[in-house]
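Everything below concerns the one structure shown next.
The values are calculated or read from the model by the stated rules, or taken from the named source; none is laboratory data. Predicted model only: the values in this text are computed from it and were never measured. Just the protein is used for accessible areas: all its heavy atoms, side chains included, with ligands, DNA and RNA removed. Shrake-Rupley method; radii C 1.70, N 1.55, O 1.52, S 1.80 Å.
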Amino acid sequence: MTSPLLLLDVDGPLNPFRSRLAGLRGYTSHRMRPTIWMSRRAPDSRSARRGLRVRLHPTHGPRLLSLPYELAWATTWMHEANTMISPHVGLPADLPVIEWPELFADDPDGLSWKTRHLTAWAAGRPFAWVDDMITPRDRAWVAAHHPAPALLLRIHPRQGLRPADFATLHRWAAGLSAAGR
Ligand SMILES: [Mg+2]
């Protein structure tokens, strides 16, 4: 029996970008220039010079690694999640990365632009997907098209991953394991 996949977004779950600073405990604040973000602004703009503010929690990596999953990145950061995000959250710098054929593509059925490709990438394996952009449509589509169990866990970008979310992920994997999946 192989572990389920945990497909992990950056902005929202790890970087609670809608949070007010006062509400964040234990996060560190960083300025970064990820390629995708830089490609959407003028190189000499004030915004580009300052960089993107990213807040990260050093315990998120160890907590994720303690769960019975195989982690992979499912984010616009793609390989830069390994080089820019991992060192600050305590994740290894060589996690598998889902490479998107197109970023932010409109979906004809109103799904998240990630949903179809991410589900194909999982190749029939059970997966949990942790993202701030998941909607009921994504859940319904995955339930209808993915042959294995899937947990689509929406994280509010004001809160990021919280203890209850780690508990949910742990419980779901334990349920799979008990069911012999
Ligand atoms: Mg996100």
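P(r) tail for the chain, what percent of Cα pairs lie past 22 Å? Mind dumping the intermediate values first?
Values: 7392 of 16290 pairs.
Beyond 22 Å sits 45 percent of the P(r) for the chain.
Could you rank 151, 65 by how accessible they are, 1.4 Å probe, largest area first? Numbers along the way, then the final one.
On the way: 151 30, 65 90 Å².
From most exposed to least exposed: 65, 151.
When the helix-only estimate is applied to the chain (DSSP H runs of n ≥ 4, each -39,500 (n - 2.57), divided by the residue count), what is the mean residue ellipticity at 222 nm, nearest 500 deg cm²/dmol?
Working: 7 runs with 53 residues, N = 181.
That comes out to -7500 deg cm²/dmol.
So if I take the centroid of the Cα atoms in the range 102-130 and the same for the range 21-95, what is the distance between those two points in Å?
Cα centres, the range 102-130 to the range 21-95: 21 Å.
Show the residues, 5+ positions off or on another chain, whose built amide H is closer than 5 Å to the amide H of residue 17.
Residues meeting the amide H criterion: 12.
Given H placed 1.01 Å from N in the peptide plane, which residues other than close sequence neighbours of residue 73 have an amide H under 5 Å from its amide H?
8, 97, 98
Starting from one equal scatterer on each C-alpha and no solvent at all, send me the Debye-based log10 I(q)/I(0) for the range 71-123 at q = 0.20, 0.21, 0.29 Å⁻¹, two decimals.
-0.71, -0.76, -1.10
Order 172, 73, 121, most accessible first, counting only protein heavy atoms with a 1.4 angstrom probe. All intermediate terms of the calculation are to be shown ahead of the outcome.
On the way: 172 55, 73 0, 121 90 Å².
Highest to lowest solvent-accessible surface, that is 121, 172, 73.
So what J values fall out for the range 67-84 if you push phi through Karplus, 6.51 cos²θ - 1.76 cosθ + 1.60 with θ = phi - 60°, rounded to Hz, Gly and Pro as x?
7, x, 9, 9, 7, 8, 7, 10, 8, 5, 5, 6, 5, 6, 4, 5, 8, 9
Taking amide H atoms as placed 1.01 Å from N in the peptide plane, list the residues 5 or more away in sequence, or in a different chain, whose amide H sits under 5 Å from that of residue 5.
Under 5 Å from the amide H of residue 5: 70, 127, 128.
Taking the chain as the reference, fit the longest principal axis to its C-alpha atoms, fit the long axis of helix 163-178 to the helix C-alpha atoms, and give the angle between the two in degrees, 0 to 90, nearest 10.
Approximately 30 degrees, to the nearest ten.
How large is the Rg to Rh ratio of the range 31-121 when both quantities use alpha carbon positions and Rh follows Kirkwood?
We get a ratio of 1.01 for the range 31-121.
For a bin width of 5 Å, list the pair-distance distribution of the range 73-165 built from all Cα-Cα distances, rounded to whole %.
Result returned by the calculation: 2, 12, 21, 23, 23, 12, 4, 0.
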